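Undergrad: Mind having a look at this structure? Questions to follow.
The values are calculated or read from the model by the stated rules, or taken from the named source; none is laboratory data. Just so it is clear, the structure is predicted and the values come from calculations on it, not from any experiment. With ideal geometry, Cβ positions are generated from the backbone for all residues, glycine too; neighbour counts draw on all protein chains shown.
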Amino acid sequence: MPPPLGPIPSDAGAARGMALVGSGRALPAASISNDDLSQRVTTDDAWIRSRTGIGARRVAGPGETVTSLAAAAGLAALEQAGWRPADLDMILLATSSPDDLFGTAPRVQAALGASNAVAFDLTAACSGFLFALITAAQYLRSGAMERVLVIGADQLSRWLDWDDRRTCVLFGDGAGAVALEACPAEEDGLVAFRMRSDGSRNGCLTLAQVDRHQPLLGGLSAQVGGFSPIQMNGQEVYKFAVREVPAVLAELLQSSGLSADQLDWLLLHQANQRILNAVAERFSMPHERVLSNLASYGNTSAATIPLMLDEAVRDGRIRNGHLIASSGFGAGLSWGGALLRWRGPAA
Ligand code: UT7
């Protein structure tokens, strides 16, 4: 069990706020349907749809990488915000499947030509985007920075065992991004937030370094770099999600003096439609206010929330001033929530 919840490290007294002013997304071209997958593993469309809500997923092909997807999503967010790449102070890339373990964000910075931005990766699996957004907000609120690009991008297809039907049907590749800028405290778009970790349950969902050594000289050896494919105890992660996500969102609503009927949207990490439904039911949210694109893209890990956000912004569902309850959850175990107000680009 995680330790009891402490006070919310929220936002009282912040001198400035952060505004969400742009979004973007990018997806690989190739889509693999459930029927396609059933030609490779023993599964079928009915099982996958009824247990997860997933109908298809995108898989990166040659020339498509975390860098290229993240840069394309980032560029779209910059364009929507009306910014030039040189305007950026920071690029935070949430990813668990980097092109380079030393950091993929600098490659994205170079691809964008964002020469004034510091760029680094943040890894928190499916909570990564939300953790990165909250992290970026601290730089904006403190006055250290003015404009930040936060990107969630993953290519978990690299790390799947394509013969393991329990995991390979769930994940897909993609990227989403948001442009954030400093604003007066009273216009803060991060209304409340909460971040949590429980490493004692790390074994429930792993993409872990393999325990293999090579002899060096004498009696000495060195570990060989490499990772085992994703392994997940699906039932444990499911139970964790349907317990912790409603708890963290309830806490945020309470601490903000808001009720669920004041929310415009529920925007959760897209892992399983049954999880979305369970959380929505807990808050009596009608299904038209629950954002879901699982049917098209599956679970794109750090990308799900900004991917879904951008889709709903561009098709006009999310409008300026809307209040969004968001939650990320997954490996770590890690989870968190945020109440966000979408400001959108200046008119
Ligand atoms: O983003 C990170 C967070 N991740 C999550 O939130 C994932 C949370 N977990 C889940 O979404 C669900 O647990 C899964 C979708 C992964 C699995 O659904 P489930 O209802 O928990 O299924 P299960 O693991 O209990 O498996 C039920 C049966 C098993 O067969 P037996 O042992 O009962 O005969 C599995 O072998 O379904 C079988 N099964 C499949 N059958 C057809 C497992 N995967 C498949 C498959 N196709 N792809």
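Undergrad: Output yes when any residue across region 174-184 is modelled with pLDDT of 95 or more, away from the ligand (no atom under 14 Å from the Cβ), surrounded by fewer than 17 Cβ atoms within 10 Å (Cβ to Cβ) and assigned by TED's automatic domain parsing to the domain that holds L69, and no when none is.
TA: The answer is yes; a qualifying residue exists.
Undergrad: A247: closer than 22 Å to S334 by Cβ, within 12 Å of the ligand (Cβ to nearest atom) and outside the structural domain of L69 (by TED's automatic domain parsing), yes or no?
TA: When the stated conditions are applied, A247 does not pass them.
Undergrad: Which one of these is surrounded by 19 or more Cβ atoms within 10 Å (Cβ to Cβ), modelled with pLDDT of 95 or more and part of a loop (DSSP other than H, G, I, E, B): S127, S68, S157, S96?
TA: S96
Here's the yes/no breakdown for (1) more than 27 Å from L27 (Cα to Cα); (2) assigned to a strand (DSSP E or B); (3) touching a helix residue (DSSP H, G or I) at 6+ places or on another chain (Cβ under 6 Å):
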{"site": "E236", "(1), (2), (3)": "yes, no, yes"}
{"site": "V242", "(1), (2), (3)": "yes, no, yes"}
{"site": "D261", "(1), (2), (3)": "yes, no, no"}
{"site": "R274", "(1), (2), (3)": "no, no, no"}
{"site": "N277", "(1), (2), (3)": "no, no, no"}
{"site": "A302", "(1), (2), (3)": "no, no, yes"}
{"site": "P306", "(1), (2), (3)": "no, no, yes"}
{"site": "R317", "(1), (2), (3)": "no, no, no"}
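Undergrad: Could you please find all residues in region 124-157 being more than 19 Å from P106 (Cβ to Cβ), away from the ligand (no atom under 15 Å from the Cβ) and in contact with a Phe, Trp or Tyr (Cβ under 9 Å, 6 or more places away or on another chain)?
TA: Matches in region 124-157: L133, I134, A137.
Undergrad: Within region 120-143, which residues are more than 22 Å from F240 (Cα to Cα) and of a type in the set (G, A, S)?
TA: Across region 120-143, the qualifying residues are A136, A137, S142, G143.
Undergrad: Still on this model: What tally of residues in region 188-200 results from selecting those that are in contact with a Leu (Cβ under 9 Å, 6 or more places away or on another chain) and crowded, with 18+ Cβ neighbours inside 10 Å?
TA: So the answer is 8.
Undergrad: From the set of residues in region 42-57 that are near the ligand (Cβ under 7 Å from one of its atoms) and in contact (Cβ under 8 Å) with a residue 12 or more places away in the chain, which is surrounded by the fewest Cβ atoms within 10 Å (Cβ to Cβ)?
TA: Here the answer is T42.
Undergrad: Okay, moving on. What do you reckon, is A111 more than 16 Å from the ligand (Cβ to nearest atom) and either surrounded by 22 or more Cβ atoms within 10 Å (Cβ to Cβ) or not assigned by TED's automatic domain parsing to the domain that holds L160 (or both)?
TA: no
Undergrad: Please tell me if S292 is more than 16 Å from the ligand (Cβ to nearest atom), under 30 Å from N320 (Cβ atoms) and in contact (Cβ under 8 Å) with a residue 40 or more places away in the chain.
TA: Against the criterion (more than 16 Å from the ligand (Cβ to nearest atom), under 30 Å from N320 (Cβ atoms) and in contact (Cβ under 8 Å) with a residue 40 or more places away in the chain), S292 does not qualify.
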